[in-house]
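Just so it is clear, none of the values below were taken in a lab; they were calculated from the coordinates. All figures in this text were calculated on a predicted structure; none of them were measured in a lab. Neighbour counts are summed over all protein chains in view; Cβ atoms, including those assigned to glycine, are modelled from backbone coordinates with ideal geometry.
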Amino acid sequence: MNPTVVAIIPARSGSKSIRDKNLSSLGGYPLLAYSVIVARLSKRIDRVLLSTDSEKYAELGKRYGAEAPFLRPAEFSTDQSTDREFMVHAMEWIRDHEGSLPELWVHLRPTTPLRDPAHLDQAVAMLEHRSEATALRSAHPSPESPFKWFRRNEHGYLTALATDDTNLDRFNLPRQAYPTVFVPDGYVDVVRSSFVLNSRLLHGDRVLGYESPRCTEVDSAEELELLDFQLNKYGSLLLDHLKLHFKN
C-alpha cells in the first residue's frame with residue numbers, strides 16, 4: 001500500500017505585486033482553484049491542505065475541495081516568511097492534532113495554475129523510488145544558455161560570467177555545445193516531513209530534479225494576461241473540470 005501523500009497549497013492574503021493575487025481571475029475562476037483541482041485530479045495525492053492566514057481564502061479553498069483545518073499564524077505570513085516556516089507549521093499541526101504525519105508533501109503554489117496532474121503523479125513516484133533523496137524540485141530547460149552570458153568589468157569591457165575572460169570569441173559556440181541548464185519553477189515540489197522536521201532545511205542537499213513543462217508563473221499583471229492568452233489558445237483540463245463542476 002502506498003503511503004499517504006498530502007498536497008499543501010500556500011495562499012497568504014498579502015501581496016504587493018497584485019492585490020489578492022491568489023484570488024486573481026483566470027478563465028473566470030480564482031488562481032487558487034486551479035491548484036486545488038489539479039491536486040484532486042492526481043492519482044497519488046490523498047489530501048489537499050490549504051495554508052492561509054485568511055478566513056476568506058480558507059472558505060474559498062474548501063469550496064473547491066481543499067481542507068483548511070487551521071489558519072496560518074501572522075508571523076509566518078509576511079513578505080519575509082519562508083516556505084519552510086509555513087510547511088513546518090502545517091506538518092506540526094497535523095502531527096499534533098491527528099497523531100500521525102504523512103511523509104510526502106507536494107508543494108503547489110497557486111501562482112503556477114496550469115498543470116497536468118500526470119506530472120504530479122510522476123514527481124511523487126520519482127521521490128518515492130529514491131529513498132536517499134531529501135526532496136524533489138521541478139525545473140524546465142532554459143531556452144538560453146547562461147554559459148553564453150556576460151558581465152561587465154570595471155573598465156566597461158564584457159567578460160565571461162564566471163571568470164575574468166574577455167576573449168568573447170570563446171563563447172560563440174552553438175547552444176548545443178554547452179550543458180543543459182534548468183530553470184527552477186513552481187510546477188511541483190515534493191518534500192519529506194521526516195527531513196524537514198529533523199533539519200533546519202526544506203529541500204536539503206540531495207534534491208532530485210523533475211523536468212517539467214515550461215510554465216508561466218504569476219508575479220505581475222502582464223503574466224496574468226499571458227496566462228489568459230495561453231488558456232484561450234490551448235485550453236486546460238483543469239478549466240474544463242471547473243466549468244463542469246463549479247459555477248463561476
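Taken along the Cα-to-beta-carbon direction at a fixed 7 Å, the label points for residue 163 and residue 132 span 3.2 nm.
Between 0 and 90 degrees, the angle of helix 221-234 with respect to the longest Cα principal axis of the chain falls at about 80 degrees. Angle of helix 117-128 to the longest C-alpha principal axis of the chain, folded into 0 to 90 degrees and rounded to 10: 80°.
Residues whose amide H comes within less than 5 Å of that of residue 48, counting only those at least five positions distant or on another chain, are 7, 67 (H built at 1.01 Å from N in the peptide plane). Looking at the chain alone, DSSP beta bridges between its own residues are antiparallel in about 50 percent of cases. Relative contact order for the chain: what percent, with Cα pairs under 8 Å and sequence separation of 6 or more? Normalised by residue count, the contact order of the chain is 24 percent.
Sorting check: for 176-187, 106-117, which peptide has the highest mean count of neighbouring beta carbons within 10 Å, and how do the rest follow? Let's see the in-between values first.
Numbers: 176-187: 14.2, 106-117: 23.7.
So the peptides 176-187, 106-117, ranked by packing, come out 106-117, 176-187.
If I take R0 = 51 Å and measure r between the Cβ atoms of residue 92 and residue 150 in this structure, what FRET efficiency does the formula 1/(1 + (r/R0)^6) give, to the nearest 0.05?
On the way: r = 46 Å, r/R0 = 0.91.
Here the calculated transfer efficiency is 0.65.
The residues neighbouring residue 89, those whose beta-carbon lies less than 13 Å from its own, together hold a net charge of -2 under the Lys/Arg +1, Asp/Glu -1 convention.
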